[in-house]
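The structure under discussion appears below in the form of structure tokens.
The values are calculated or read from the model by the stated rules, or taken from the named source; none is laboratory data. Nothing here was measured: the structure is a model prediction, and the numbers come from that model. Counting neighbours? That spans all protein chains shown, and the Cβs are built from the backbone with ideal geometry, glycine included. Ligands, DNA and RNA are stripped out before the accessible areas are found, and what is left, the full protein with its side chains, is counted by its heavy atoms. Shrake-Rupley method; radii C 1.70, N 1.55, O 1.52, S 1.80 Å.
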Amino acid sequence: MELAGKHFLVTGASGALGSRITARLVDAGATVTISGRSEDALSALGVDGAHVVAADLAHPGAPEDLVVQATSHVGHLDGVVIASGVVAFGPAAEVDDDTVDDLLLVDLLAPLRLVRSALTRVEAGGVILSISGVIAEKPVGGMAAYCAAKAGISAFVEAVRPEARRRKVRVVDARPPHTETGLATRAISGTAPSMPTGLDPDDVAARIVAAIVDDEKELPSSAFS
Ligand SMILES: NC(=O)c1ccc[n+]([C@@H]2O[C@H](COP(=O)([O-])OP(=O)(O)OC[C@H]3O[C@@H](n4cnc5c(N)ncnc54)[C@H](OP(=O)(O)O)[C@@H]3O)[C@@H](O)[C@H]2O)c1
């Protein structure tokens, strides 16, 4: 996929992976619509020519509104990278209901709605890439609701792939292993267990953008080693 002149929507663009992916897309000549909850955080990134749309994707209508705004702003949408997400830790029976609801809203329903909306709007030859994570392949204890949300969106992306292919749109589920982005320190609830040192976020972002450029259809955890 040639990135020059293409228009991408990146959610979670204020985050560690989203900001790095955005920078690489722009360096390669793409234009971007960038989203996160804080307009200030997005503007502070200083991304050249970026269309900034602040949105809380936990709200039911927000994902579709965002895709519509991104498409109409430039007149075409060639790619969507879903790099928004939150994590929470704790025994499954003890994590409170609101936390579970938030996890499922942000990590499962929001990306599912983004993909559904993007499927009919991304141009032929385009790509929709959602970042789930290694835990979609191998769930671990102490973060069961996060694992369920990520496994759910991974399954959804896999399931829509044939219908996307009929529209000549590539749908990719990226499942990077643990990465040193600080995500665990921003948990919406609970405390992360000690984890071995994760991957470098620059390497993970580079691998994801390479998969976009090289028309890769799969990005399992093994593709990051
Ligand atoms: N780090 C890892 O080890 C790892 C491994 C595998 C997969 N992943 C996944 O990769 C994605 C990016 O993670 P990261 O490590 O880059 O985390 P991060 O730095 O914390 O970035 C998360 C992004 O999500 C946005 N976000 C959170 N809640 C939102 C909401 N309700 N509405 C809209 N945007 C929201 C945040 O923006 P605001 O807070 O400004 O709204 C931020 O831009 C996540 O889905 C994560 O689960 C991470």
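In segment 44-64 there is no residue that is assigned to a helix (DSSP H, G or I), at negative phi and away from the ligand (no atom under 15 Å from the Cβ). Looking only at residues of segment 14-26 that are open to solvent by 10 Å² or more (accessible area, probe 1.4 Å) and within 10 Å of the ligand (Cβ to nearest atom), we find that the one that is nearest to Ser130 (Cα to Cα) is Leu17. Checked against the criterion of being over 18 Å from Val172 (Cα atoms) and not in a strand (DSSP E or B), segment 3-11 has at least one qualifying residue.
Taking segment 79-137, which residues are among the acidic types (Asp, Glu), open to solvent by 40 Å² or more (accessible area, probe 1.4 Å) and within 16 Å of the ligand (Cβ to nearest atom)?
Once the filter is applied, which keeps residues that are among the acidic types (Asp, Glu), open to solvent by 40 Å² or more (accessible area, probe 1.4 Å) and within 16 Å of the ligand (Cβ to nearest atom), segment 79-137 yields Asp98, Asp101, Asp102, Glu137.
Looking across Ser225, Ser189, one residue alone is more than 13 Å from the ligand (Cβ to nearest atom), farther than 20 Å from Val10 by Cα and at pLDDT 95 or above. It is Ser189. Of all residues in segment 186-223, those satisfying the criterion of being acidic (Asp, Glu), surrounded by 13 or more Cβ atoms within 10 Å (Cβ to Cβ) and in contact (Cβ under 8 Å) with a residue 40 or more places away in the chain are Asp202, Glu216, Glu218.
Please specify each residue of segment 57-72 satisfying the condition of being touching a strand residue (DSSP E or B) at 6+ places or on another chain (Cβ under 6 Å) and without any contact (Cβ under 8 Å) to a residue 40 or more places away in the chain. Step through it out loud before you land on a result.
Kept after step one, since they are touching a strand residue (DSSP E or B) at 6+ places or on another chain (Cβ under 6 Å), are these residues of segment 57-72: 66, 69-71.
Scanning segment 57-72 gives a single hit, Gln69.
A Cβ distance below 9 Å, combined with a sequence gap of six or more or placement on separate chains, defines the contacts here; from segment 102-113, residues that are of a type in the set (Gly, Ala, Ser) reach residues that are within 11 Å of the ligand (Cβ to nearest atom) and open to solvent by 10 Å² or more (accessible area, probe 1.4 Å) in the pairs Ala110/Leu57; Ala110/Ala58; Ala110/His59; Ala110/Ala62; Ala110/Ser84; Ala110/Gly85. In segment 120-142, the residues that are free of Cβ contacts under 8 Å to residues at least 12 places away in the same chain reach residues that are open to solvent by less than 10 Å² (accessible area, probe 1.4 Å) with C-beta atoms within less than 7 angstrom, at least six apart or across chains, in these pairs: Val140/Cys147. Where residues in segment 27-43 are assigned to a helix (DSSP H, G or I) and either in contact (Cβ under 8 Å) with a residue 12 or more places away in the chain or aromatic (Phe, Trp, Tyr) (or both), which of them is surrounded by the fewest Cβ atoms within 10 Å (Cβ to Cβ)? Only one residue fits best here, namely Glu39. Of the residues making up segment 72-106, those that are among the small types (Gly, Ala, Ser) and more than 22 Å from Asp173 (Cα to Cα) are Ser72, Gly75, Gly90, Ala92, Ala93. The residues of segment 65-78 that are open to solvent by 50 Å² or more (accessible area, probe 1.4 Å) and either part of a loop (DSSP other than H, G, I, E, B) or closer than 23 Å to Ser154 by Cα (or both), listed by number, are Asp65, Gly75, His76.
All conditions but one from (1) in contact with a Lys or Arg (Cβ under 6 Å, 6 or more places away or on another chain); (2) assigned to a helix (DSSP H, G or I) apply to Leu105; the one that does not is (1).
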